Each structure stands twice: as structure tokens, then as C-alpha cells.
Amino acid sequence: MMTTEELWRAYKFDDDSGAKEQLIDQCLPLIKSIAYQTSVYASPSYDLDDLVSIGIMGMLDAIDRFDPTKGATFKTFASHRIRGAILDEIRALDWVPRSVRQKAHQLESAYRRLEQQNGRAPDEFEVAKEMGLTIDEVHQALADVSCTAILTLSDLTSDDDEQDAIQEFIADPSNIDAADQLIYEETKSLLADAIDLLPERDKLVLSLYYNEGLTMKEIALVLDVNESRVSQLHSSAILKLRAGFQQDQGDNVV
């Protein structure tokens, strides 16, 4: 059986139309896995088949846009495009209530203020004190905004190339080709600095979700906590990451 890389080359360079269909079939389990992983953030009116269909469109986009000279494998690149297509569709539906978005903004502001004051990512107890809430209320707020955290991960920057770099860096930090990805280096450096300030547990949650592709339920088993707590940890990690990244960007503005 041909690998995904071989199938892509057969389609792209040998004009083998059958290779494209085989490539989609071979990547269908990956598409279904990503669709299942992100389904928790979709409107209840969307079922898994809807997300899989959108993921296939992302896969087709990946087939046409993949550039092997960038250093990434086709499977890694396709994963970004599949996930991005699904999340773009979820975002377009804009089903998250305004009150939840406001709560996410308040949390993010608190994380950013504490990051600026302390020079490190704050813990939940510090956030609770900053916002005048109990720790249980902070946990509830993090649970409430979990549906927005995944959607705003790539919004650390408004630049499309930098958004791609962020997704690629989180998915595979070791996959850096300095010769071919110079335009990404500053973004990757800032993101690396922000990630480095995160507590180890937050790093683990991000790695398991974005790198290993585990679901919230599977991460809960790894960490020996319930699924709701994983959702809270994920939200907290993303808010800390955004606060740290934006702080670093501000420090680099001339």
C-alpha cells in the first residue's frame, strides 16, 4: 500500500486521479478523529457526519496546497487544514451566547493583567482573587467559556501565515525548517516563550490535545480527573497562552 506522501506525489506530479481518491480514503480515519475531537465545540444541531463532510473539504484543500519543501509531512499539514476547516465552520455559525464571550474576555483580561504584574502565568487562585470570585466560580467560568477557547487559539495574531505557524508549532514543535520557514521564526519564538511560562500540567493538556490528538475524555483518563476538569484546564491553558503571547508581542513592538 502506498503511503500518504506517495499518493500525494502520484496525484500531484503524475496526474493520477485515482491516487486522489485513495488519499482521501486513507485519511478518512484522521478526518473522523479530528471531527470527533472538535464536535464538543459545535452547535448541538451539527452531527458528526456534518463535521466529517467539512473535514473532507479541508482535506481537499490540503491536497492542493501542500508544499513538501516546507518540511512538514502531508499528514501533519492535512491535520491543520482539516481542523481549521471544521473550526472555521463552527465559528461561522457564531452560536456562542454574547454573555459567554463577555465572560471569556473578562477572564482573558484578568490573565493578562496578572501576567504583566508577575511575569509568569497565573494560577486559578490568583485569577479568583483578581476577579473577586471564589475558586469554584472561576472553575465554572472556565467551563462556561470552554466552547470559545478552542476557537480563539489561532487568533493570537491576525496574520494568516502566523496563524498557520502557531497551529504547526503546537502540533509539532520539533518540525522547524529555518531555511524554508524564516517568516515564521519570530512567531514561533514568541509562542515558545509563552508556552515555556505555562505550568507543566497546562503544557501536558495542550500537547495531548493538539499533538497527540486525544479527546477530552481520553485526557481525563491520563490525568485521572473528570472530563469537566480537563475542559477547565484547557480553557485556562489557552487563556494563559494568549495572555503570555500577546504580552510578548507588546514587548517586541518598536
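What follows draws every value from the coordinates through simple rules; no lab data is involved. In this text the structure is predicted, and so the values were computed from the model without any measurement. Every residue, glycine among them, receives a Cβ derived from its backbone with ideal geometry; neighbour counts consider all protein chains shown.
Worth a mention:
- Cα-derived Rg to Rh of region 192-234, Kirkwood definition: 0.97
- Put a plus charge on the Cβ of each Lys and Arg, a minus charge on the Cβ of each Asp and Glu, and nothing anywhere else: the dipole of region 4-93 about its Cα centre is then about 380 debye.
- For a label point 7 Å along the Cα-to-beta-carbon line of D25, residues of region 72-87 with backbone N under 16 Å: none
- The slack in the chain from R113 to D136, taken as 0.36 nm per residue of separation less the alpha-carbon distance, amounts to 6.2 nm.
- Per-bin percent of Cα-Cα distances, region 27-123 [5 Å]: 2, 13, 18, 14, 12, 12, 13, 12, 4, 0
- When each of K12/K32; K75/K217; K70/K240; K32/K217 is checked by Cα-Cα distance, pairs over 21 Å: K12/K32; K75/K217; K70/K240
- The stretch between E200 and D64 holds 45.2 nm of extra length on full extension. This uses 0.36 nm per residue minus the Cα-Cα distance.
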